[in-house]
Amino acid sequence: MSRQTPATIWYTRCPVPTPLGLAAQLGLLENAFGKAGIVLESIIDSRDPEIRRSHFDHTLPWSFRHGGNVPPIRARSEGRSTRLAGITWTDEFQAIITLPSRKIGTTSELKGRRVGIARRPAGIVDFMAATALKGLESGLSLAGLSLDEVELVDITLETSVLEDRLAPSLFELNHRIPYGPEAAALIRGEIDAFFVKGTPGTAVANLIGAVALESFGFHPDPAIRINSGSPRLLTVDALLADERPDLVRLLIETLREASLWAEGHPDETVRFVARESRASEEQVLAANGTEVHRHLGLSLAPELLAAVSSYKDFLLRHGFLAGDFQIEDWADHRPWKGIPDPAPSGLAAGLAA
């Protein structure tokens, strides 16, 4: 039986540091697939909301995605036919913040206090709430506290992430800057602290003059750092994986080329990551560290699979998944066959304990 050759493949990525984002900006992705006679179309940039929705639920055939791990894990738990083709680990700023006026000096003093979590409408998995919950669990644990020992306050949002992209209150930007509702609740005195991460987290903490009760994005224990963005997942739909594993291999090789390029071009990489993250270079260095160029590697190493499994178990435990499944069964090692040294040198450092 002859293999199918699609004219178009859909792809999407989150606005975070990934080798996919770097490969797209460098032109490597378009060049590689163009030589194979394939046009790449961006899911997240589509004006069709049903197509954009696939960024979150992975419904489009002939597509691949690289970014935060909650949506693809949720999609797989719902029975979506996808494959895990690669994993990256890029550490980022994670913190529980408050205002000086709350007079809370340490994380242990959050016991019995109000900690906010923004909650979005049903329909698309609430990955931001999952991220906040895991961040709070990790940060509180460093002070010997559990989630049960603080008062979790839901901050109810009216619109989904898809609707946010169409709101007139964006002032002609194409996305909503995160943590606005949480910051407003903190300023109004409705909560005492909340969780932030990444470049948006550093920006909002700076904007409101916050103090970090616990900052743990670069904690030596990877179990503390595990969250929606560490690790990030490269996933492909099953039709692409099964019908054209050669194209998945081409994708992996192209992303490895981008990550290896990054290792030799630290300054240029920071500029590219800043553009990808919709942030300044200064924010990228603050949020991701000065070695970010060494942490864009791609692999299916056992320790990375174990990290994904750990976070999947967290999501299941807290009701974010439709059912359970095994990460190793999801991983597709076929395209990696014969690829030497699947991880650039910086990847292992992401899991250093």
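The values are calculated or read from the model by the stated rules, or taken from the named source; none is laboratory data. Being a predicted model, the structure only gives us computed values, none of them experimental. Glycine gets a Cβ as well: all are built from the backbone with ideal geometry, and neighbour counts include every protein chain shown.
Summary table below
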{"read-out": "Tally of residues being assigned to a helix (DSSP H, G or I) and in contact with a strand residue (DSSP E or B) (Cβ under 8 Å, 6 or more places away or on another chain) across the stretch 110-141", "value": "12"}
{"read-out": "Any chance Arg249 is among the charged types (D, E, K, R) and surrounded by 19 or more Cβ atoms within 10 Å (Cβ to Cβ)", "value": "no"}
{"read-out": "Any hit, the stretch 72-82, residues being in contact with a helix residue (DSSP H, G or I) (Cβ under 6 Å, 6 or more places away or on another chain) and surrounded by fewer than 17 Cβ atoms within 10 Å (Cβ to Cβ)", "value": "yes"}
{"read-out": "Some residue of the stretch 112-122 being modelled with pLDDT under 95, surrounded by 18 or more Cβ atoms within 10 Å (Cβ to Cβ) and closer than 21 Å to Val196 by Cβ", "value": "yes"}
{"read-out": "Residue match in the stretch 40-49 (condition: aliphatic (A, V, I, L, M) and surrounded by fewer than 17 Cβ atoms within 10 Å (Cβ to Cβ))", "value": "yes"}
{"read-out": "Verdict on Arg278 being at pLDDT below 95 and over 13 Å from Leu84 (Cβ atoms)", "value": "yes"}
{"read-out": "Residues located in the stretch 300-327, provided they are assigned to a helix (DSSP H, G or I) and farther than 18 Å from His66 by Cα", "value": "Pro302, Glu303, Ala306, Ser310, Asp313, Phe314, Leu315, Leu316, Arg317"}
{"read-out": "Residues that are of a type in the set (Gly, Ala, Ser), within 20 Å of the chain's Cα centre (by Cα) and at pLDDT 95 or above, drawn from the stretch 323-350", "value": "Ala331"}
{"read-out": "Criterion: in a loop (DSSP other than H, G, I, E, B), in contact with a Gly (Cβ under 9 Å, 6 or more places away or on another chain) and charged (D, E, K, R) - qualifying residue of Glu182, Glu190, Glu172", "value": "Glu190"}
{"read-out": "Any hit, the stretch 171-181, residues being more than 30 Å from Arg47 (Cβ to Cβ) and touching a Pro at 6+ places or on another chain (Cβ under 9 Å)", "value": "no"}
{"read-out": "Qualifying position, being touching a His at 6+ places or on another chain (Cβ under 8 Å), in contact (Cβ under 8 Å) with a residue 40 or more places away in the chain and among the charged types (D, E, K, R), among Asp221, Asp237", "value": "Asp237"}
{"read-out": "Filter result (among the small types (Gly, Ala, Ser) and either surrounded by fewer than 21 Cβ atoms within 10 Å (Cβ to Cβ) or part of a loop (DSSP other than H, G, I, E, B) (or both)) within the stretch 265-299", "value": "Ala274, Ala279, Ser280, Ala286, Gly289, Gly297"}
{"read-out": "Selection status of Ser63, in contact (Cβ under 8 Å) with a residue 12 or more places away in the chain, out of contact with any Ser or Thr (no Cβ under 9 Å at 6 or more places or on another chain) and of a type outside the set (Val, Ile, Thr)", "value": "no"}
{"read-out": "Per-region count, the stretch 225-245, residues surrounded by fewer than 21 Cβ atoms within 10 Å (Cβ to Cβ) and not assigned by TED's automatic domain parsing to the domain that holds Phe64", "value": "0"}
{"read-out": "Pairs with Cβ under 8 Å, 6+ apart, first in the stretch 1-27 and over 21 Å from Ser259 (Cβ atoms), second exposed (fewer than 11 other Cβ atoms within 10 Å of the Cβ)", "value": "Thr5/Gly37; Ala7/Gly37"}
{"read-out": "Members of the stretch 169-190 that are surrounded by fewer than 23 Cβ atoms within 10 Å (Cβ to Cβ), closer than 18 Å to Leu152 by Cα and in contact (Cβ under 8 Å) with a residue 60 or more places away in the chain", "value": "Pro181, Ala185, Ile187, Glu190"}
{"read-out": "Residue tally, condition out of contact with any strand residue (DSSP E or B) (no Cβ under 9 Å at 6 or more places or on another chain), charged (D, E, K, R) and without any contact (Cβ under 8 Å) to a residue 60 or more places away in the chain, over the stretch 28-57", "value": "4"}
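Condition check ((1) in contact with an Asp or Glu (Cβ under 8 Å, 6 or more places away or on another chain); (2) among the polar types (S, T, N, Q); (3) more than 28 Å from Glu276 (Cβ to Cβ)) across all residues:
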position: Ser169; (1), (2), (3): no, yes, no
position: Ile187; (1), (2), (3): no, no, yes
position: Lys197; (1), (2), (3): yes, no, no
position: Pro200; (1), (2), (3): no, no, no
position: Asn206; (1), (2), (3): no, yes, no
position: Glu214; (1), (2), (3): no, no, no
position: Ile224; (1), (2), (3): no, no, no
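This table checks each residue for (1) in a loop (DSSP other than H, G, I, E, B); (2) of a type in the set (A, V, I, L, M).
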residue	(1), (2)
Ile51	no, yes
Phe64	no, no
Arg83	no, no
Glu92	yes, no
